[in-house]
Amino acid sequence: MRDPIAATKFGYLKPSHLIKYRNRRLQEISGSSVKKEINLLGHVFETAIKEWSMPLNGNPVRLITKPKENKPRDRRLKDNEEEQLLISCS
């Protein structure tokens with residue numbers, strides 16, 4: 001609700017609104033996380049059109065480029081990290 005996109009009524013959202021949202025979020029979080037948020041918005045549009053019979057002209061999420069996924073992490077515990085982790089869990 002704090003993001004400026006929340007001030008636009010759902011039925012009036014256009015690709016330009018979503019592009020601005022995407023670009024703002026990319027300044028704050030990873031591309032993978034932004035992609036998940038945009039995919040969620042796309043699902044909301046699809047549900048609104050198909051199941052709620054909202055008179056929308058289509059899903060604007062389909063018209064924007066989504067961010068690329070980040071490289072998967074591959075991290076192993078070092079030295080005494082396992083011991084520290086187990087101590088923290090107890």
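The values are calculated or read from the model by the stated rules, or taken from the named source; none is laboratory data. Just so it is clear, the model here is predicted, and its values are computed rather than measured. Positions of Cβ are generated from backbone atoms using ideal geometry, with glycine treated the same way; all protein chains shown enter the neighbour counts.
Just a few scattered comments:
- The residues of the stretch 1-37 that are closer than 20 Å to Thr47 by Cβ and acidic (Asp, Glu) amount to a single one, Glu37.
- Residue ID - surrounded by the most Cβ atoms within 10 Å (Cβ to Cβ), chosen from residues in the stretch 27-57 that are under 19 Å from Pro72 (Cβ atoms) and among the aliphatic types (A, V, I, L, M): Val34
- Within the stretch 55-69, residues that are within 18 Å of Arg24 (Cα to Cα) sit with their Cβ atoms under 7 Å from residues that are of a type in the set (Gly, Ala, Ser), at 6+ positions apart or across chains, in these pairs: Val61/Gly42; Pro67/Gly31; Lys68/Gly31; Glu69/Gly31; Glu69/Ser32.
- Restricting Glu83, Glu46, Glu37 to those that are at pLDDT below 95, out of contact with any Ser or Thr (no Cβ under 6 Å at 6 or more places or on another chain) and in a helix (DSSP H, G or I) reduces the list to Glu83.
- The listed residues are Ser90, Ser30, and the only one of them that is in contact (Cβ under 8 Å) with a residue 24 or more places away in the chain, of a type in the set (Ser, Thr, Tyr) and on the phi < 0 side of the Ramachandran plot turns out to be Ser30.
- Meets criteria (part of a helix (DSSP H, G or I) and under 16 Å from the mean Cα position of the chain (by Cα)) for Lys20: yes
- Checklist (1) surrounded by 12 or more Cβ atoms within 10 Å (Cβ to Cβ); (2) touching a residue at least 40 places away in the same chain (Cβ under 8 Å) applied to Tyr21, failing item: (2)
- Of all residues making up the stretch 60-90, the number that are among the polar types (S, T, N, Q), surrounded by 10 or more Cβ atoms within 10 Å (Cβ to Cβ) and either under 27 Å from Val44 (Cα atoms) or under 16 Å from the mean Cα position of the chain (by Cα) (or both): 1
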